[in-house]
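The next block holds one structure in the form of structure tokens; read it before the comments.
The values are calculated or read from the model by the stated rules, or taken from the named source; none is laboratory data. All values derive from a computational prediction rather than experimental measurement. No Cβ is skipped: glycine too gets one built from the backbone with ideal geometry, and neighbour counts run over all protein chains shown.
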Amino acid sequence: SLQVFDFDQVDKLALFIKDFLVKRLTDALPRANCGKCGCGSCEEFADNFLRGLISLRDCKLLGLKQAELVVDGVKLQLSQYPQQVFADVVSSLVKGLKGVPENFREIDLKIKLSSSTR
């Protein structure tokens, strides 16, 4: 349904546009509501972004594929939660290693199991 506004309803129109933009931006965000950006939810993040209080760079998950799992050449589809768990666990382990840059952006990890370890 198409919403119609009169000329004297500028405040209503502005609120309608803001709500529309918050919803569209929220839909484009990871929707993990992880709080890593300092906001309580992705919707709050979108609202703060539209107010100019934060940048899209403040979303720690935006544009990132958290983790990819390939077992014997077969790529497994992971939902957001296991991707985040893998990413958090591995990055925590890597941060403690000597020689790792402070602000690294990507980790490639390949594990080959010998038949004696199974």
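So the values come out like this:
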| quantity | calculated |
| --- | --- |
| Verdict on Leu21 being outside any helix (DSSP H, G or I) and either among the aromatic types (Phe, Trp, Tyr) or surrounded by fewer than 17 Cβ atoms within 10 Å (Cβ to Cβ) (or both) | no |
| Yes/no for Gly38 being in the same structural domain as Asp19 (by TED's automatic domain parsing), surrounded by 10 or more Cβ atoms within 10 Å (Cβ to Cβ) and not in a helix (DSSP H, G or I) | yes |
| In the range 49-76, the residues that are over 17 Å from the mean Cα position of the chain (by Cα) and either part of a loop (DSSP other than H, G, I, E, B) or acidic (Asp, Glu) (or both) | Arg51, Gly52, Leu53, Asp72, Gly73 |
| Residue that is farthest from Leu25 (Cα to Cα) [pool: residues in the range 65-77 that are in contact (Cβ under 8 Å) with a residue 12 or more places away in the chain and not charged (D, E, K, R)] | Leu69 |
| Residue under evaluation Leu62, criteria (1) over 30 Å from Asp6 (Cβ atoms); (2) without any contact (Cβ under 8 Å) to a residue 12 or more places away in the chain; (3) hydrophobic (A, V, I, L, M, F, W, C), criterion not met | (2) |
| Set Arg24, Arg31, Arg51: member being under 16 Å from Gln80 (Cβ atoms) and free of Cβ contacts under 8 Å to residues at least 60 places away in the same chain | Arg31 |
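Residues checked against (1) at positive phi; (2) outside the structural domain of Glu43 (by TED's automatic domain parsing); (3) of a type in the set (Ser, Thr, Tyr); (4) in a loop (DSSP other than H, G, I, E, B):
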{"residue": "Leu78", "(1), (2), (3), (4)": "no, yes, no, yes"}
{"residue": "Gln83", "(1), (2), (3), (4)": "no, yes, no, no"}
{"residue": "Asp88", "(1), (2), (3), (4)": "no, yes, no, no"}
{"residue": "Ser91", "(1), (2), (3), (4)": "no, yes, yes, no"}
{"residue": "Glu102", "(1), (2), (3), (4)": "no, yes, no, yes"}
{"residue": "Lys112", "(1), (2), (3), (4)": "no, yes, no, yes"}
